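For reference, the structure is listed below as structure tokens.
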Amino acid sequence: MSIRATQAAKKVLEDFNRKLPINVEAVAKSLKIPIEYQTYEDDISGMLVMKDGNAIISINKHHPEKRRRFSIAHEIGHYLLHGNSASVFIDKSPVFLRDKKSSEGTQIQEIEANRFAAELLMPEDILKGKIIKKNLDIDDEIDLEKLAKQFKVSTQALTVRLTRLGFISA
């Protein structure tokens, strides 16, 4: 499940400038996916709407920039991994809504979209390289915040990523 998502993100990164922080808006543009910023209730992060083979990403403009970046990457993941399974993906905390065409696999789809977003924003090879090269102490809050800032992600997203990669014990 997560291998497919990780491989899809790596494929996108192959064709893209891997300079940090990864420019997710440029990634969406390269895939011909327009992004619009809208006002939504606070519990809605964003959505992907598919119509006639075209996609549009809509993001909650009131969320912090780091959250918006992750939401864009997440929706790109839905587009590449699940674009044919539903026509609307609405990411709402704590529930993720889908249209009537989607099946019971929504939790798997969310996990895959999150894994895609994590690999896109925090590529494993770059992340490992930074930790090793700079001899970072990932148990040190200051080092963790500095690393998160380089990738332009939240410390929470970075902590989850480091845990999944085995740098931090769960």
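Observations on the model:
- Other residues with beta-carbon under 12 Å from the beta-carbon of S45 carry, at +1 per Lys or Arg and -1 per Asp or Glu, a net charge of 0.
- Remark on V88: its backbone amide H falls under 5 Å from those of M50, D99, a criterion applied only to residues 5 or more positions apart or on other chains, H modelled at 1.01 Å from N.
- For segment 2-121: lysine pairs under 20 Å (alpha-carbon distance), excluding those fewer than 8 apart on one chain: 18
- Percent RCO, i.e. relative contact order, over the chain, from Cα pairs under 8 Å lying at least 6 residues apart: 24
- Relative contact order of segment 123-170, pairs being alpha-carbon contacts under 8 Å that are 6 or more residues apart, as %: 24
- Neighbourhood net charge (14 Å Cβ-Cβ; Lys/Arg +1, Asp/Glu -1) for L147: +2
- Structure-based [θ]222 nm, the chain - -39500 (n - 2.57) summed over DSSP H runs of at least 4, per residue, nearest 500: -15500 deg cm²/dmol
- Rounded to 10°, Cα long-axis angle of helix 141-151 versus longest principal axis of the chain: 50
- Taking the C-alpha atoms only, the angle from helix 124-133 to the longest principal axis of the chain is near 20 degrees.
- With R₀ fixed at 25 Å, the C-beta to C-beta distance from I111 to T155 puts the FRET efficiency at about 0.75.
- To the nearest ten degrees, helix 2-14 and the longest principal axis of the Cα atoms of the chain are 80 degrees apart.
- FRET efficiency estimate (nearest 0.05) - Cβ-Cβ, K130 to N84, R0 35 angstrom: 0.45
Bear in mind that the values in this text are calculations on the coordinates, not laboratory data. Computed from a predicted model, the values in this text were never measured in an experiment. Quick reminder, even Gly has a Cβ in these numbers, built from the backbone with ideal geometry, and neighbours come from all protein chains shown.
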